[in-house]
Structure formats: C-alpha cells, structure tokens
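Structure first, commentary second.
Laboratory data are not the source of any read-out in this text; all were calculated from the coordinates shown. This one's a predicted model, so the numbers in the text were calculated from it and none came from an experiment. Positions of Cβ are generated from backbone atoms using ideal geometry, with glycine treated the same way; all protein chains shown enter the neighbour counts.
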C-alpha cells in the first residue's frame, strides 16, 4: 500500500512541476526578451512585469505544490526511488507538455535529448 | 549550502517556529537561499530567450556539475553507474544544444534581438544555419516524404 502512496505522490510531483514549468515558460514568453526589456526599460519593469504576470504566479504556485508533494513522497518512499523517478519523469512530461501547450517544435533531436537526460538523471540521482 | 546550514541549526519542529528565523539568519542558509533566487532569475531569463525543451535539458548540467564537485572537491566516491549518468546527460545536452534554441512562431523574431549586443554576428549566423536546416526538414512535410532524412 505504501508503494501506491509513494507512486501517487511521485506522479503528483511530476504533474505539478510540469504544469509549473509550462506556465513559467509561457509567462516568460509573454514578458518577452528580458535582456532587451532590461536595456530599454530597466530592471524594475522586468521584475514588475514578471511578478505581475498571472501565468508566473500560477506557475510558482504549481512549483510549491510540487515541492510539498516531494515532501509527502519522501515521507512514504526512499529518496533513492523518489528523486530519480520524479526528476526523470518530469523531463519526459515536459517534452510532451511543451509540444502540446507551448507548441514548441519537439523534433527527434529534442526527444533524444530529453530521453538521454532523463536516463542520465535517473542514474545520477538514484 | 542549505543542507550544511540546516545541519548546523539542527532540526526544526512545528512547535518552535522561531527556529525558522534562526535558520534563515544562518549565513550558510542565507547564501543558499540567495543562490537559489539567482538560479531562479537566470532560469526565467533563459526561458524568455529559448524554448522550455531547450532550457530544461541544459539546466540538467547542474547534476553533472554537482557530481564532479562531489568527486573532485569533496573526494566522494562516484560509482561507474553515476559516471554513465554523467555521460548520458552531457550527451543529451550536446544533442539539444546543436539544434535551434527557439521555435519560430510567426509573430516573434527574438533572434534579431541578440545582434544588438554586437561583436558576434558570426556566432549568430552560425546559430541560425542549423535553424534553417531544421525548419525545412520539419516544417514542410512534402520534403520529409521525398527526402530520406
């Protein structure tokens, strides 16, 4: 039964961090090129626009949910399972979500990269 | 740094929330939090320039760096399986870095912004070259059918 709890929490981490990453990426695309904006309008505008973006706020909230799910997962399962499983599944989930929701062109090169990094992270974090 | 600082402050219980304030005042924890904020700012800036599927694998180089620091500065043992993990991540990042950093949507042309920095028109030109190749390969289905790619 504990395994079910652990895997549910892992899936919650993956889901929340994928949602968070997608929302943050969308927010920053809406804010625009930070370097150019910084030169044109100054750091105050950059920070203000970023913090005032609703997608950014929802993204940070989703990241917070992911963090607390991690704490739950760690209270049920071993860190040697939770950390690599959550990290590597997040990479794959992000590639899928970026393609669907951000309309990024996830070509063969990026799929291979995501899979290699996911496998590598699983080995390193385990 | 955070873990080092938190080990110095000792465990925090729900009943002693003042412990949290002491933890934040610990220089290790404070520097750790500042570095995390710096990471977040840099991550957000990178996301304003490039695709999520480009930035995310690139940030995973942090895992590699962590393992190398553990091996060469802290003299920890890094198992062969972990070395394999390092190789895989490095290969993956190399793979994604060779491609275009940003999906060109019709409205946005952010690559033009980088030329403002001057000095590196050649780098911009070479960065664009694979982009164009990539675009023709994936953008036009009829090419993919006739050309064996």
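Starting with the fewest neighbours, write out B:63, B:54, A:5 ranked by other beta-carbon atoms found within 10 Å of each beta-carbon. Write down the numbers at each step before the final one.
Details: B:63 20, B:54 24, A:5 14.
Fewest-to-most ranking of B:63, B:54, A:5: A:5, B:63, B:54.
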(message) Tell me the relative contact order for chain A as a rounded percent, counting alpha carbon contacts under 8 Å between residues six or more apart.
(response) 35 percent
(request) Report the label-to-label distance for residue A:61 and residue A:5 in nanometres (one decimal), using points 7 Å from each Cα along the Cα→Cβ vector. (result) 2.8 nm
(message) Which one, A:37, A:102, A:70, has the greatest fluctuation when you compute a Gaussian network model over chain A with C-alpha springs under 10 angstrom?
(response) A:37
(message) To test your reading of the geometry: what angle, between 0 and 90 degrees and rounded to tens, separates the Cα axis of helix A:2-31 from the longest principal axis of chain A?
(response) 10 degrees
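Give the average, rounded to an integer, of partner chain Cβ atoms located within 10 angstrom of each Cβ in A:36-46.
The per-residue average across the peptide is 2.
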(request) Calculate, axis by axis, the spread of Cα positions in region A:52-120 along the three principal axes, and write the results as whole Å, longest axis first. (result) 38, 36, 14
(message) Step by step: find N for region A:2-125, compute 2.2 N^0.38 Å, then divide the Cα radius of gyration by it. What's the final number?
(response) 1.20
(message) Of the candidates A:84, A:54, A:43, which one comes out as most mobile in a Gaussian network treatment of chain A with C-alpha springs shorter than 10 Å?
(response) A:43
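Can you put A:78, A:107, A:33, B:51 in order of Cβ neighbours within 10 angstrom, beginning with the fewest?
Details: A:78 10, A:107 17, A:33 21, B:51 24.
In order of increasing Cβ crowding within 10 Å: A:78, A:107, A:33, B:51.
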(request) Would you calculate a helix-derived [θ] at 222 nm for chain A, using -39,500 (n - 2.57) for each DSSP H run of n ≥ 4 and dividing by the full residue count, to the nearest 500? (result) -30500 deg cm²/dmol
(request) Report, to the nearest 10°, how far helix A:108-125 tilts away from the longest principal axis of the Cα atoms in chain A, using its own Cα long axis and a range of 0 to 90°. (result) 50 degrees
(message) Using Cβ counts within 10 Å as a stand-in for footprinting exposure, how do A:105, A:2 rank, fewest first?
(response) A:2, A:105
(message) Ignoring solvent entirely, what values of log10 I(q)/I(0) come out of the Debye formula for region B:50-98 at 0.21, 0.32 Å⁻¹ when each Cα is a single scatterer?
(response) -0.71, -1.15
